[in-house]
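The values are calculated or read from the model by the stated rules, or taken from the named source; none is laboratory data. Keep in mind the model is a prediction, meaning the values are calculated, not measured. Every residue, glycine as well, gets a Cβ built from its backbone with ideal geometry; the counts of neighbours run over all protein chains shown. Just so you know, the surface numbers come from the protein's heavy atoms only, side chains and all, with ligands and any DNA or RNA stripped out. Shrake-Rupley method; radii C 1.70, N 1.55, O 1.52, S 1.80 Å.
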Amino acid sequence: MKKIKVYVLTCVGIIILAILCFLPLPVYLETVGKAVNVADYVKVSGKTDKTKGKLMLTYVSLGRATPLLYLTSYLDKYTSRVPEEEISGNESDSEFDRVQTYYMNDAVNQAKAVSLRLAHKTYRQEYLGIYVMSILKSSTFKGKLEIGDTITAVNNKHFKSTADFMNYVRAQKRGTSLEVTYLRKGKQKKVVGKTVKLPGTNRSGIGISLAERSRIISSTKIKTNMDGIGGPSAGLMLALQMYSQLSGTNLKLGRNIAGTGTISSDGKIGDIGGIDKKVIAADRAGAKVFFAPNNPVSKDEKKVDPQAISNYQEAKNTVKKSNLKIKIIPVKVITDAVTYLSKNK
């Protein structure tokens, strides 16, 4: 009888331990990741940058919580607990990974376009459409479009940029029917839906988040291998690395320089999430300078979150709270970063 009791208790203990260690919760843990040398991921004309110093992209560490990890996360002041819907929109893990890959593909292509133009190299950016990255529950295209579809036209109208697409859709009155042409697994299809009010704004749209799908055509070859790194926030640092190699301009001069921010083909730097953790990662990696997007918080953002602050201000606050020595440099366009590195040697 005693042996049976011990056996039962052991089994119960194993089950409880398994639940604590392996049961996935609808929560992600976001904490400090790493700052890595962009030169390790980029080749221009078949060559890797071997000059001293580093231009470093930064990323956060993101993983699904288990009960044990959730509890122990409170021991790390840099760990945030984020509801699943805020991270993946309730997508499957495979869909989430695919979305991050699409974002990175977009970041790479925008960085190529910006760097080639800055270096006065001939290129052509061919606009292929937009990736569907997520679909709102309120969208009338929910259940019609899927993540990964490429929208190529609206009402048989083709666009030369994502901005043109967005401007066209925003100009339509709420409730207007739109015919969307899209590609799925190489096959062209069409679907009809209506514009809806976008949450937290007074604008209308079709209720999707998107990333631009394009390709860069140039006699100057730029190759990247971003395996294991997803998302759009490496855009700025990728563009700086590419420009440095294309132009033969040594931006590093032996320095360790980090930063973050999305980038568009016109050189504008966009906001990102988790900048506090990225500043910590950069400091731990020995960076002396950190470029942070410095875009004003919009009225719509303030309505949703009255405490919202710019990426730059959040990065500055992190330096102050954690007593770091890394210098935060505000940037709105890529030339802000290039000018700073050129004047501060």
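Couple of notes before you dig in:
- Residues of segment 143-165 that are at pLDDT below 90 and of a type in the set (A, V, I, L, M): Ile147, Ala163.
- Wholly enclosed strands (runs of 3 or more DSSP E) of segment 33-96 bearing at least 1 residues modelled with pLDDT of 90 or more and within 27 Å of Ser219 (Cα to Cα): 42-44, 54-64
- Filtered residues of segment 141-177 (kept if of a type outside the set (D, E, K, R) and in contact with a helix residue (DSSP H, G or I) (Cβ under 7 Å, 6 or more places away or on another chain)): Ile147, Gly148, Val154, Phe159
- Tabulated pairs, segment 209-224, first within 30 Å of Leu145 (Cβ to Cβ), second open to solvent by less than 80 Å² (accessible area, probe 1.4 Å) and among the polar types (S, T, N, Q), C-beta under 6 angstrom, 6+ apart or interchain: Ser209/Ser134; Glu212/Thr162; Arg213/Thr150; Ser214/Asn109; Ser214/Gln125; Ile216/Asn109; Ile216/Gln125
- Residue within segment 294-307 that is assigned to a helix (DSSP H, G or I), at pLDDT 95 or above and either surrounded by fewer than 16 Cβ atoms within 10 Å (Cβ to Cβ) or hydrophobic (A, V, I, L, M, F, W, C) (or both) present: no
- Just one of (1) under 26 Å from Thr318 (Cβ atoms); (2) in contact with a helix residue (DSSP H, G or I) (Cβ under 8 Å, 6 or more places away or on another chain) fails for Leu116. It is (1).
- Residue in segment 158-176 that is of a type in the set (D, E, K, R), over 28 Å from Asp300 (Cα atoms) and either touching a residue at least 12 places away in the same chain (Cβ under 8 Å) or open to solvent by 70 Å² or more (accessible area, probe 1.4 Å) (or both) present: no
- The single condition among (1) under 30 Å from Val42 (Cα atoms); (2) among the charged types (D, E, K, R); (3) open to solvent by 70 Å² or more (accessible area, probe 1.4 Å) that Lys197 does not satisfy is (1).
- Identity of the residue in segment 105-142, of a type in the set (Gly, Ala, Ser) and modelled with pLDDT under 90, that ends up surrounded by the fewest Cβ atoms within 10 Å (Cβ to Cβ): Ser138
- Qualifying residue in segment 266-286 (condition: over 24 Å from Tyr78 (Cα atoms), open to solvent by 30 Å² or more (accessible area, probe 1.4 Å) and of a type outside the set (Lys, Arg)): yes
- Residues that are without any contact (Cβ under 8 Å) to a residue 60 or more places away in the chain and either farther than 25 Å from Ser233 by Cβ or outside any strand (DSSP E or B) (or both) within segment 121-151 comprise Lys137, Gly143, Lys144, Glu146, Ile147, Gly148, Asp149, listed in sequence order.
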